[in-house]
Every structure is written in structure tokens, then in C-alpha cells.
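One structure below.
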């Protein structure tokens, strides 16, 4: 039977179908536009670039380089410190983080420094070297900092003036580069810079 496209209520079925098809096409177009916008934003989103380390600003060449006793393929990372240095005491948590974040070919060690013979600093230098010789440096290292700066058993601050000659801890990488917290920017950046220098020396 021939259909006129009109139902019993006077509605045009063909017109409704056209409208439904038009709505479907419109929704498809909107979905495509939304997908394109998401892709565009993901492509155009700024990519966080790695820090750019500058020689002479963030780290410094040691000239001439200090020879290391490391075997081939190993990179030495040394902290120059003193138990009498307040900044070295504050650096202890960062030192532990640095130790655990270094790659397997990096060897972390310590070099005790004595800056002023009239102070107690050379005594602390001797204390570390003695502990290292006895093979107990790993057990006594943190304990020495605690005795100087927390319990006060080996305090080096004048109780009257509260003064001390402060020195920053210095990190030396493979006898070639030296850096410290201030040159790197902060403790977190120091860790990243040391890892970057170790990678540089590992090539």
C-alpha cells in the first residue's frame, strides 16, 4: 500500500526521521570537534624541560682534576664536610637522599675537612679518619653530628657569643667538579645536579 508519510495523528514520519538523522549528524560533529580540541591541547601543552646546568655557575671545574682511585666505569662522589659545620649537619638528610638516588656505578664517600687549627675542626677530621680506619665510619657518622648539634656532648658553639665559623658542605664529582647547595639552587637541585654530572662522567 502506498504510504503518504503521515500517521493517524497527522505527524509526518519522514520529517521526524530527517530531524533524527540531523541530530545524529550534529552530535557526531560535536564529538569530533571535542576530540580534536583535546588532541590539540595535549600537543600544545608546554613540556617541562630539564634544568640547564651551567659550568662556572652551578658547578665548577677543579683544575687540575684530582685523580681518584676508582676502577674503570666507576664515578666517585665525595662530600667534603666537618662535624663542626652547622650547614653540614643540616645537609645530612640530603646526603642520605643523594646516596640512595645515585646509579650503581657511583661510589659515595666522605672527605673530612679542617679549616682552622685553632678550632676543634681538625679533631673532628681525625675522628672520622679514625672511625674509617677501624671500619665503623658508617655507624659513627650520624652519631657524631648528633653529639655535636643535638645532645651537645661535643658542642662547638660558644655559649656566650653563639658564634662559629660556618662552612658549606661541598660535593666533588670524580675529582673534576665541585658544587654546593648555593650553586645548585637548593638541596633538591643539588641531588639532580650530582646525578647529571655522574651521568656526564659515565659516558
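Here are the criteria: (1) surrounded by 12 or more Cβ atoms within 10 Å (Cβ to Cβ); (2) modelled with pLDDT of 85 or more; (3) more than 30 Å from residue 51 (Cα to Cα). Tell me which single one residue 128 does not satisfy. Among (1) surrounded by 12 or more Cβ atoms within 10 Å (Cβ to Cβ); (2) modelled with pLDDT of 85 or more; (3) more than 30 Å from residue 51 (Cα to Cα), residue 128 violates only (2). The requirement of being at pLDDT 85 or above and farther than 25 Å from residue 194 by Cβ is not satisfied by residue 152.
The values are calculated or read from the model by the stated rules, or taken from the named source; none is laboratory data. In this text, all values refer to a predicted model and were calculated from it rather than measured experimentally. Note that each Cβ is placed from the backbone with ideal geometry, even for glycine, and that neighbours are counted across all protein chains shown.
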